[in-house]
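Following: one structure in structure tokens, then a few remarks.
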Amino acid sequence: MPQRRTTALAAPQRRVTALAAPQRRVTALAAPQRRVTALAALCAALLVAAAWGFHVGNTPTPAVPVAHRVATTTRAQATTKQPTTRIKAVPPTTTPPPTTAAAAGDAPQAGAHALPGPGSRKTGPLSTQILTGSSSVALTFDDGPDPTYTPQILDLLKDHGVKATFCVIGSRARDYPDLIRRIVAEGHTLCNHSWQHLLNLGKRPLSYQTWDLEQTNNAIHAAVPDVPIRYFRAPGGNFTRGLIDLAGRLGMSPLSWDVDPRDWDTAGYGRGTPMVNHITSVVEHTVRPGSIILSHDRAHPDTVVAYRSLLSWLQARYTLTQL
Ligand SMILES: [Zn+2]
């Protein structure tokens with residue numbers, strides 16, 4: 001090792017000498033020129049030495065560079081993975097982002113878009129209700145109350161004389177009691193949609209599930225004492241037998257749906273006119289006698305726009321009933 005080091009150090013010196021030799025011969029004429037040339041030679045020597053040093057410094061020796069590369073890779077991987085982990089985590093927030101709901105797929109349950117006819121079942125898997133049980137159609141709005149969009153939906157419903165069902169988030173009911181009072185005052189039905197929209201609520205301990213559903217009902221009753229809360233809808237439609245049994249013990253029936261325009265899926269259907277057209281098209285093409293339509297009255301302005309025309313379209317063809 002000492003010999004190799006000596007050789008490595010000596011190498012740049014040899015190259016500097018080789019480069020400087022012709023210059024020495026040419027600059028043997030005048031003193032000022034010699035000084036300039038000597039300065040140039042010195043600069044060249046420094047540059048070559050620096051370049052060589054850089055090269056040597058980046059030439060891996062058997063032990064250090066491998067460890068360095070491993071450490072660098074590990075740090076890079078950790079840096080890359082960190083945001084992904086954060087995105088995947090389900091934070092116990094009171095306002096779950098639409099993308100989270102989308103990930104769990106507020107997807108229709110089995111039996112979605114079913115065409116009811118003679119012998120059609122009102123209930124789907126796990127005995128959740130997916131149809132009204134009559135030829136009438138029902139509207140449900142989830143994830144509110146929302147100070148911006150819930151009043152707009154309520155205005156539309158009032159203008160058309162339609163009663164709907166609002167599946168409210170408990171923490172939002174706590175934050176916007178006036179909206180709960182307005183929903184009730186205008187004759188709509190209330191549905192417990194859990195305290196903070198945890199998509200894996202059904203996998204949480206029973207003690208937590210109990211607290212979650214009771215806390216939501218308490219928030220609703222803090223706004224309107226003793227108002228009936230007839231339904232429970234699991235976040236994302238992720239019902240489990242345990243959740244259904246718990247809801248039943250609290251006097252609530254599990255409420256599903258059969259028409260889902262996926263108005264939360266801006267990644268799939270865009271915003272503005274494309275989403276409005278999508279919502280309108282899906283509802284118009286899939287609604288059937290007895291349908292329960294799922295929509296959202298929180299953070300989805302396109303839903304409000306779509307219902308401005310959908311309500312008239314639906315009323316011209318169906319009786320809109322209250323659950
Ligand atoms: Zn929801």
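Please report the spacing between the Cα centers of the range 267-323 and the range 200-226 in Å, no decimals.
What the calculation gives is 29 Å, centre to centre.
Taking a ≥ b ≥ c as the square roots of the Cα gyration tensor eigenvalues, with a/c under 1.5 meaning rounded and otherwise prolate when a/b beats b/c, else oblate, which class fits the range 98-321?
Here the range 98-321 falls in the rounded category.
With each label point set 7 Å from Cα along the Cα-Cβ vector, what nm distance links ASP175 and LYS203?
2.6 nm
Can you check what the net charge comes to around HIS188, using other residues whose Cβ is under 12 Å from the Cβ of HIS188 (Lys, Arg +1; Asp, Glu -1)? Write out the running numbers ahead of the final one.
Numbers: positive: LYS158, LYS163, ARG181, ARG182, ARG230; negative: GLU186, ASP297.
Residues close to HIS188 contribute a combined charge of +3.
So what's the net charge close to TYR176: Lys and Arg +1, Asp and Glu -1, counting the other residues with Cβ under 14 Å from its Cβ?
Spelling it out: positives minus negatives among the neighbours equals 0.
In nm, what is the difference between 0.36 nm times the number of residues separating GLU214 and SER127 and their Cα-Cα distance?
29.2 nm
If you take the square roots of the eigenvalues of the alpha-carbon gyration tensor of the range 127-188 and sort them as a ≥ b ≥ c, do you get rounded (a/c under 1.5), prolate (a/b over b/c) or oblate? The partial results should precede the final answer.
Numbers: a/c = 2.42, a/b = 1.39, b/c = 1.75.
The shape class here is oblate.
Net charge near GLY242, counting Lys/Arg +1 and Asp/Glu -1 over other residues with Cβ under 14 Å of its Cβ?
+2
Using per-residue counts of other Cβ atoms within 10 Å, averaged over each peptide, order 159-166, 290-297 from highest down.
Ranking the peptides 159-166, 290-297 by packing returns 290-297, 159-166.
Compare the peptides 137-147, 301-311 by average per-residue count of other Cβ atoms within 10 angstrom and give them in order, highest first.
The densest-packed peptide leads the list: 137-147, 301-311.
If you take the square roots of the eigenvalues of the alpha-carbon gyration tensor of the range 218-323 and sort them as a ≥ b ≥ c, do you get rounded (a/c under 1.5), prolate (a/b over b/c) or oblate?
prolate
FYI, it's all coordinate maths here, none of it is from the lab. Everything numeric here is computed off the predicted structure, so don't read it as measured data. Glycine gets a Cβ as well: all are built from the backbone with ideal geometry, and neighbour counts include every protein chain shown.
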